[in-house]
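Trainee: The following block contains the structure, expressed as structure tokens.
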Ligand SMILES: [Zn+2]
């Protein structure tokens, strides 16, 4: 599933292609994408408007059109955006066609939203207050922004009994972290994913904040991680999967201590842990999914 680094990688590639251009056509082939609006309603609201900026908040791509019309795109499990995809690109659900360059006959950029599992969404917010309400209801602090400090993370965890991994995955607390980057950050600071969030000390919160920023930044530098269906808009693959220290390493020796990495279930997700470097909390019921027969 695309997380903050993958979504930001897509944003950085697409923004220079589309910012400042007028959306000429928005064709929604799969009406589920923009429910409760019909595809034609969404197109009517956005066609003919100039895209002022393509931003990101958490895992949302925030398409800021003129007159405060905003399209909020979420890739969910398998969504991606491709620049000038060839005809017949599989799993295409939506196509965007923008104006050509002002000064000539250059190519007209097109984008396709492709999504094998079809959980991705495109939602419309009209007006600044509606946009703010949409984002505030769904997204907490931005982990690569100035408000994400150790003290802020410590304060957010106070009184929270949820396991720290579930806390990190809750987009309403910290926006943008998913399964990969939560595993990697917790391993780097030696915190077991099932520890209650509220038990994290102030010092640990500071270390965890730094680890979250470090793994997200490393993921961004690598152009994201390519597992499952994530692709860059130009088809290039991210490389952060080659730098995983714990994620997907079940059965391998821990890179720090040599203990075998195990896979648990935390927050309903496959979770990779070294139970020497990341001691389980007392009384934790650690569930390990059955290993498939080799
Ligand atoms: Zn270890």
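The values are calculated or read from the model by the stated rules, or taken from the named source; none is laboratory data. Remember, predicted model here, so these are calculated numbers, not experimental data. Virtual Cβ from ideal backbone geometry, glycine too; neighbours counted across all protein chains shown.
For every residue, the table says whether it meets (1) in contact with a strand residue (DSSP E or B) (Cβ under 7 Å, 6 or more places away or on another chain); (2) not in a loop (DSSP other than H, G, I, E, B).
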| site | (1), (2) |
| --- | --- |
| 134 | yes, yes |
| 143 | yes, no |
| 168 | yes, yes |
| 180 | no, yes |
| 191 | no, no |
| 209 | no, yes |
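Trainee: Can you report the number of residues in the range 267-278 which are within 10 Å of the ligand (Cβ to nearest atom) and part of a loop (DSSP other than H, G, I, E, B)?
Mentor: Looking only at that region, the number is 5.
Trainee: Taking the condition under 17 Å from the mean Cα position of the chain (by Cα), in a helix (DSSP H, G or I) and either more than 16 Å from the ligand (Cβ to nearest atom) or at pLDDT 95 or above (or both), does residue 219 pass?
Mentor: Criteria met by residue 219.
Trainee: Do any strands (runs of 3 or more DSSP E) entirely within the range 1-107 hold 2 or more residues that are within 23 Å of residue 173 (Cα to Cα), and if so, which?
Mentor: Result: 51-57, 60-65, 69-74.
Trainee: Kindly indicate whether residue 85 is in contact with a helix residue (DSSP H, G or I) (Cβ under 7 Å, 6 or more places away or on another chain), modelled with pLDDT under 90 and surrounded by 15 or more Cβ atoms within 10 Å (Cβ to Cβ).
Mentor: Criteria not met by residue 85.
Trainee: So which residues in the range 267-283 are without any contact (Cβ under 8 Å) to a residue 24 or more places away in the chain and surrounded by 13 or more Cβ atoms within 10 Å (Cβ to Cβ), if there are any at all?
Mentor: Answer for the range 267-283, where residues must be without any contact (Cβ under 8 Å) to a residue 24 or more places away in the chain and surrounded by 13 or more Cβ atoms within 10 Å (Cβ to Cβ): just 276.
Trainee: May I ask you to list the residues in the range 195-207 that are within 15 Å of residue 165 (Cα to Cα) and outside any helix (DSSP H, G or I)?
Mentor: 195, 196, 200
Trainee: Please give the number of the condition residue 286 fails out of (1) within 16 Å of the ligand (Cβ to nearest atom); (2) at pLDDT 90 or above; (3) surrounded by fewer than 17 Cβ atoms within 10 Å (Cβ to Cβ).
Mentor: It fails just one condition, (2).
Trainee: Then there's this: I'd like to know if the range 254-266 contains one or more residues that are closer than 26 Å to residue 4 by Cα, in contact (Cβ under 8 Å) with a residue 60 or more places away in the chain, surrounded by 14 or more Cβ atoms within 10 Å (Cβ to Cβ) and within 14 Å of the ligand (Cβ to nearest atom).
Mentor: Checking the range 254-266: not a single residue is closer than 26 Å to residue 4 by Cα, in contact (Cβ under 8 Å) with a residue 60 or more places away in the chain, surrounded by 14 or more Cβ atoms within 10 Å (Cβ to Cβ) and within 14 Å of the ligand (Cβ to nearest atom).
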